[in-house]
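**Student:** Handing you this structure, nothing more for now.
Coordinate-derived values only; no laboratory data. Just so we're clear, the structure is a prediction, and the values are computed from it rather than from any experiment. No Cβ is skipped: glycine too gets one built from the backbone with ideal geometry, and neighbour counts run over all protein chains shown.
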Amino acid sequence: MDQTKVFDVLDRKIEKLLGRLGSLEQENERLKSEVTAARRAEKDAADSKGAVERLEKDQETVRERLEKLVATLEAAEGKKG
């Protein structure tokens, strides 16, 4: 094999490797983007869970206050009757 053929083969291999490198770089960027989106979704889910927990706690507080109010009103009616 003469040197020209060797260099031609090497050039083709280098071009093929550069093409593969470009593809891998694009895939890497896509995966980074997906990881970022997944982290954002995970954070949003955690924020939503926290909001739901706060709302449930507030709802429980309101329920307790209403029960006390009803008990007070029933006691007041019992004294009148």
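**Student:** Given only helices, namely DSSP H runs of n ≥ 4 each adding -39500 (n - 2.57), what is the per-residue ellipticity at 222 nm of the chain, to the nearest 500 deg cm²/dmol?
**Tutor:** -37000 deg cm²/dmol
**Student:** Oh, and also: Write down Rg/Rh for the chain, rounded to two decimals, with Rg from the C-alpha atoms and Rh from the Kirkwood relation over Cα pairs.
**Tutor:** The Rg/Rh ratio comes out at 1.78.
**Student:** Charges only on Cβ, +1 for Lys and Arg, -1 for Asp and Glu: so what's the dipole of the chain about the Cα centre, in debye to the nearest 20?
**Tutor:** I would put it at about 140 debye.
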